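So the structure is just underneath, and the comments pick up after that.
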Amino acid sequence: GKITKSVRKILVACIGFPVLLLGIVLIPLPGPGLLISFLGFFVLSLEFEWASKYFDRAKSEIKKIIDASKQKY
């Protein structure tokens, strides 16, 4: 019911926001910062419409990069 939806939203937020923040902090460092940020947006997109928009945009940008790299080789 309504309580289950609220608990799910809180759980998604408690997992998604720290993962997203960790990814953002790691972006300037060598390593998987962008991937971790992408994962954070994925988790948040399960419950939040605004995160879903960013996740979809990130997916399309990654697809463009992959397609461009395939054309070069």
Original post:
Which condition number in (1) under 10 Å from the mean Cα position of the chain (by Cα); (2) among the polar types (S, T, N, Q); (3) modelled with pLDDT under 90 is the one that GLN71 fails?
Top reply: (1)
Original post:
Of these, VAL43, VAL19, VAL12, which one is under 21 Å from ASP56 (Cα atoms) and either basic (Lys, Arg) or in contact with an Asp or Glu (Cβ under 9 Å, 6 or more places away or on another chain) (or both)?
Top reply: VAL12
Original post:
So, of the residues in segment 2-24 that are open to solvent by 100 Å² or more (accessible area, probe 1.4 Å) and charged (D, E, K, R), which turns out to be nearest to LEU46 (Cα to Cα)?
Top reply: ARG8
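Of the residues in segment 25-58, how many are part of a helix (DSSP H, G or I), without any contact (Cβ under 8 Å) to a residue 12 or more places away in the chain and surrounded by 13 or more Cβ atoms within 10 Å (Cβ to Cβ)? So that I can check it myself, show each step before the final result.
We begin by selecting, within segment 25-58, every residue part of a helix (DSSP H, G or I); these are 25-26, 33-45, 49-58.
With without any contact (Cβ under 8 Å) to a residue 12 or more places away in the chain added as a condition, the list becomes 25-26, 33-34, 45, 49-50, 52-53, 56-57.
If we keep only those that are surrounded by 13 or more Cβ atoms within 10 Å (Cβ to Cβ) as well, we get 26, 33-34, 45, 52.
So the answer is 5.
The values are calculated or read from the model by the stated rules, or taken from the named source; none is laboratory data. On a predicted model such as this, the values are computed, not experimentally measured, just so you know. Methodologically, a virtual Cβ is constructed for each residue, glycine included, from the backbone with ideal geometry; neighbour enumeration extends over all protein chains shown. Ligands, DNA and RNA are excluded from the accessible area calculation, which covers all protein heavy atoms including side chains. Shrake-Rupley method; radii C 1.70, N 1.55, O 1.52, S 1.80 Å.
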